[in-house]
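Heads up: the structure comes next, in structure tokens.
The values are calculated or read from the model by the stated rules, or taken from the named source; none is laboratory data. None of the values given here were measured: they were computed from a predicted structure. Using ideal geometry, Cβ is built from the backbone for each residue, glycine included, and neighbour counts are taken over all protein chains shown.
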Amino acid sequence: MCLNGEKQAYGVLVERYQQTVFNVVYRLLGNYAMCEEVCQEAFVNAYEKLAQFSGRSKFSTWLCQIALNRGRDVLRRRGAQDIHDDLDDYGDVLAAAETTNPQRQVEDKQTQQRVRHLLATLPQQYRELLVLKHIEGYSNEDIARILGITVENAKIRAFRARKMFRQACEEGMS
Amino acid sequence: MKDTWDQALVEYFEGEMSPAQRADFVASLDEAQLAELTALGHSVEQLVNLPDVVVPHNFAAQVVSRVEPLRPGLRRRLRLWLEEHPLLGWEAGALSFVALLVVVVVGGNPLPAPSTIQHSAVPLAGVQTVGLEQAHHARFSLYAPQATTVALIGDFNGWGSVQEIPLRRQIDGNWVADLPLPAGRYQYAFLIDDQIIVTDPRAEQHVSDDFGRRNAVVTVL
């Protein structure tokens, strides 16, 4: 039904995949306001291209690639240096930690901020890989399709990305 | 990546080791290696534990308000029209006649019987058959003098995930691969230096895929 353009049915699809798309785009851009705009554009763009979706790949994979491409466009236009992390301006935009211990909540928030900032220091191609693989849990086959690389290349890039991130963590601690 | 330690780390984090192999691997490490493995595992764990970014509660509604209803395709428009305008007997008959006429005209050049199929004498753009005796062998070529490696990816090898098909470099800057293929129609592209996917500029046809790329098409007879 949705492939014929019914708007309301598409709303259901948006609700199903919006979390993944938000996570991926925010980790790529590091800016919540831009993330929201890019995600909206990606979903609108995907709707307009629904007829091109043949079903040979998963819808989430196809959608994620559209969103990543929109995010990359923004990075190219604005330059990564001009984009600042504004997530803290949005108060409790991050999902509340499960713990009710206030001390623990503060520590968790500090850890999350540190990880976000460390992730943002990595080159874009490695950041994308870590987000897709270790945060969103995509398979190497899906990552290869999304990024337009081979499965073997996805594994090698993931290996390098993990090493870079570990090194960034160590340097961040010292 | 030739380093066995690096290779072992890849296998460990990609889940390519059985539980027993993982245990043996960890037991075989010296202190420095164990420290590196632990640090890598810890950093990955920090990524995995990052919480979801909260999506605004009205996000889906905002998206829906921005999209325009798509114009339905011809087939759907015809169906909708027919649903609204039930046909009389003569109209149905006329429609059937037109449909039959279309089939006859479009199908006026039927495919040859299997026994009469011959390979084209002229190469099909970047792909050509290699000799009549070697039926179903196709030669793929790409001119890329600056490339270090060129591989063939397509329907026939899971787009690189099932099997690697490297092209051989020629002196003149062309890259070539001969591939046995069952008769059929295939989409393909070239992967340059393990990084860049390019279409075959001389393909007999191109089609858009789900990812905005233009795949080349070859028909093997």
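Listed by first and then second residue, the pairs with beta-carbon distance under 6 Å, at least 6 apart or on different chains, first residue in segment A:28-52 and in contact (Cβ under 8 Å) with a residue 12 or more places away in the chain and facing another protein chain (nearest Cβ under 7 Å), second part of a helix (DSSP H, G or I) and crowded, with 20+ Cβ neighbours inside 10 Å, are A:Phe43/A:Val14; A:Phe43/B:Val63; A:Tyr47/A:Tyr10. B:Leu34 - would you say it is modelled with pLDDT of 90 or more and touching a Leu at 6+ places or on another chain (Cβ under 8 Å)? Taking the combined requirement at face value, the residue does not satisfy it.
Whether any residue in segment B:165-183 is farther than 30 Å from A:Arg70 by Cβ, within 12 Å of chain A (Cβ to nearest Cβ), exposed (fewer than 14 other Cβ atoms within 10 Å of the Cβ) and out of contact with any Phe, Trp or Tyr (no Cβ under 8 Å at 6 or more places or on another chain) is what I want to check. Yes - at least one qualifying residue is present in segment B:165-183. Looking at (1) within 24 Å of B:Gln163 (Cβ to Cβ); (2) aliphatic (A, V, I, L, M); (3) facing another protein chain (nearest Cβ under 10 Å), which one does A:Leu129 not meet, given that it meets all the others? Condition (3) is where A:Leu129 drops out.
Looking across segment B:2-30 at every residue that is of a type in the set (A, V, I, L, M, F, W, C), free of Cβ contacts under 8 Å to residues at least 12 places away in the same chain and surrounded by 10 or more Cβ atoms within 10 Å (Cβ to Cβ), the one that is nearest to A:Ser139 (Cα to Cα) is identified as B:Val10.
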